[in-house]
Ligand SMILES: [Zn+2]
Ligand SMILES: [Zn+2]
């Protein structure tokens with residue numbers, strides 16, 4: 001398995017998010033075939049090394065191809081950040097945060 005595929009699966013594959021995993025995260029079908037490097041150098045993303053989860057997104061063939069359009073690729077970047085953030089937020093231990101001396105703003109669902 002390629003390194004970025006493993007990084008992607010390690011992050012997304014658990015009980016809660018399994019349904020998203022082989023999804024194209026743009027059209028929400030089960031046709032996800034490629035894990036796209038959102039910001040890559042050169043034409044072929046397979047040669048680039050942006051292997052952070054915020055740079056990786058599973059797409060169907062059609063939407064992967066569409067990423068050659070710069071503006072669409074920017075949209076993909078935004079969508080990916082939102083979904084990564086949402087997952088990380090869902091994993092926060094709210095009770096623990098409530099016990100810390102931090103501004104109320106950062107406690108719980110205020111920032112959703
Ligand atoms: Zn798609
Ligand atoms: Zn790509």
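Coordinate-derived values only; no laboratory data. Quick caveat, the model's predicted, so the values are computed rather than measured. Note: ideal-geometry Cβ built from the backbone for every residue, glycine included; neighbour counts use all protein chains shown.
List of remarks:
- Separation of the residue 85 and residue 52 label points, Cα + 7 Å toward Cβ, nm: 1.5
- Relative exposure of 59, 75, judged by other C-beta atoms within 10 Å (fewest first): 75, 59
- Cβ-based exposure ranking for 12, 30, in which fewest neighbours within 10 Å come first: 30, 12
- Subtracting the Cα-Cα distance of residue 1 and residue 93 from 0.36 nm times their residue separation leaves 29.9 nm of extension gain.
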